[in-house]
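As structure tokens, the structure follows; a few thoughts come after it.
The values are calculated or read from the model by the stated rules, or taken from the named source; none is laboratory data. For clarity, every value in this text was computed on a predicted model and none was experimentally measured. Please note: Cβ atoms are built from the backbone with ideal geometry, for glycine as well, and neighbour counts cover all protein chains shown.
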Ligand code: TXA
Ligand code: MG
């Protein structure tokens, strides 16, 4: 299959040429095909979420285990009635506060959503993205669009169309290129099948932001801190897989910043002497003090939003440059840093060196 890459910026949506591109993409979706598109978080791999055969194509393109459910993307509140069976008062409050935006809500599914889309679960994940290209594509298709992140299973999520091409060339017919995404890590997932919000995946929308709208927020214990204990089964099935990972062996070094720099440089020296190509992923405050084959700056610690936006692209770059061993600075828990810590720990397969 030939994979076409077509550029479409938000400003093009008002032009005839832009509308033509979206019509073509929407038609492919209606025909049960897979189209990659930008969202405000990461690129998605979309297909008709109401047809098992279309969802099946997503799983095939990603190489994703079929027990890992997909998120249904909508553009209007009216689309909810066909995909969920009930919306609690608290769930509605969250939707009104955070949609469109980087928040996914888990609710009881409507019988017409195929089990193939929900990985066999009786619940369904729903999100209303804010990216204008995503919104327009969903509206034009008239469908709830099932879309996981557009990476091959296990790789870092794509934040540019080039990343999608890297993973999906020859596997899907069309990629809409809307440029680099804004947020760069996946949406916050909140289970609202009970009374109170339970965070199943941390993201741009933080526990404190949710608490302001509905009190009593908790975090699924399986996603906190260290490697998941075998007994703790994460409620978001996808969170159990090693994920977001570069090909190189990655370690996080944790501790006081001066000690961390010393330790990372020492480890790099050791690995270089054994003949490995080494990489360091650090922050602006420390970056000039490192020595390695490849050194990348995620951004300043006072701007965690930038760090998140650069993370996946940097992990991919390490792969492209053939880096074999990667040392990264770590990040502490806490509001937005919770999401960064969650992703970087997974990227490193929970290999932590404490100093
Ligand atoms: O930002 C995002 O959410 C991106 C963009 C494309 O919208 N999508 C995304 O999808 O990250 P994906 O498939 O890569 O991650 C979805 C996560 C998986 O961990 C999956 O297990 C979980 O959501 N999930 C989906 N349906 C669920 C359900 N019914 N109950 C619990 N977890 C669910
Ligand atoms: Mg994903």
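I'd like the full set of residues that are surrounded by fewer than 24 Cβ atoms within 10 Å (Cβ to Cβ) and in a helix (DSSP H, G or I), limited to the stretch 137-151.
Listed by number, the residues that qualify are 139, 140, 141.
Filter the stretch 152-162 for residues that are within 14 Å of ligand 2 (Cβ to nearest atom), on the phi < 0 side of the Ramachandran plot and surrounded by fewer than 24 Cβ atoms within 10 Å (Cβ to Cβ) and give the result.
Scanning the stretch 152-162 gives 152, 153, 155.
With (1) touching a helix residue (DSSP H, G or I) at 6+ places or on another chain (Cβ under 9 Å); (2) free of Cβ contacts under 8 Å to residues at least 12 places away in the same chain; (3) under 24 Å from residue 200 (Cβ atoms) as the list, and residue 19 as the residue in question, which single condition is left unmet?
Only one criterion is unmet by residue 19, namely (3).
Residue check, residue 302 against (1) part of a loop (DSSP other than H, G, I, E, B); (2) under 19 Å from the mean Cα position of the chain (by Cα), all met but one. Which one?
Failed condition: (2).
Identify the residue in the stretch 214-243 that is surrounded by fewer than 16 Cβ atoms within 10 Å (Cβ to Cβ) and modelled with pLDDT of 95 or more and, among all such residues, is nearest to ligand 1 (Cβ to nearest atom).
Per the criteria, the residue is 218.
Determine whether residue 61 is in contact with a helix residue (DSSP H, G or I) (Cβ under 9 Å, 6 or more places away or on another chain), within 16 Å of ligand 2 (Cβ to nearest atom) and outside any loop (DSSP other than H, G, I, E, B).
In short, yes.
Just give me the residues in the stretch 41-56 being more than 8 Å from ligand 1 (Cβ to nearest atom) and either without any contact (Cβ under 8 Å) to a residue 40 or more places away in the chain or in a loop (DSSP other than H, G, I, E, B) (or both), in sequence order.
Of everything in the stretch 41-56, those that are more than 8 Å from ligand 1 (Cβ to nearest atom) and either without any contact (Cβ under 8 Å) to a residue 40 or more places away in the chain or in a loop (DSSP other than H, G, I, E, B) (or both) turn out to be 49, 50, 51, 53.
Each row is one residue, and each column tells you yes or no for (1) over 17 Å from residue 208 (Cα atoms); (2) in contact with a helix residue (DSSP H, G or I) (Cβ under 9 Å, 6 or more places away or on another chain); (3) surrounded by 15 or more Cβ atoms within 10 Å (Cβ to Cβ).
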residue	(1), (2), (3)
87	yes, yes, yes
90	no, no, yes
97	no, yes, yes
102	no, no, yes
107	yes, yes, yes
111	yes, no, no
124	yes, no, yes
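Please find, within the stretch 205-216, the residue that is nearest to residue 103 (Cα to Cα) out of those that are touching a helix residue (DSSP H, G or I) at 6+ places or on another chain (Cβ under 7 Å) and in a loop (DSSP other than H, G, I, E, B).
205
Residue by residue, here is whether (1) modelled with pLDDT of 95 or more; (2) crowded, with 24+ Cβ neighbours inside 10 Å; (3) under 13 Å from residue 165 (Cα atoms) holds:
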position: 2; (1), (2), (3): yes, no, yes
position: 6; (1), (2), (3): yes, no, yes
position: 9; (1), (2), (3): no, no, no
position: 14; (1), (2), (3): no, no, no
position: 24; (1), (2), (3): yes, no, no
position: 38; (1), (2), (3): yes, yes, yes
position: 41; (1), (2), (3): yes, yes, no
position: 45; (1), (2), (3): yes, yes, yes
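Might you let me know whether the stretch 180-189 holds any residue that is touching a helix residue (DSSP H, G or I) at 6+ places or on another chain (Cβ under 6 Å), crowded, with 24+ Cβ neighbours inside 10 Å and over 15 Å from residue 316 (Cβ atoms)?
No, because not a single residue in the stretch 180-189 is touching a helix residue (DSSP H, G or I) at 6+ places or on another chain (Cβ under 6 Å), crowded, with 24+ Cβ neighbours inside 10 Å and over 15 Å from residue 316 (Cβ atoms).
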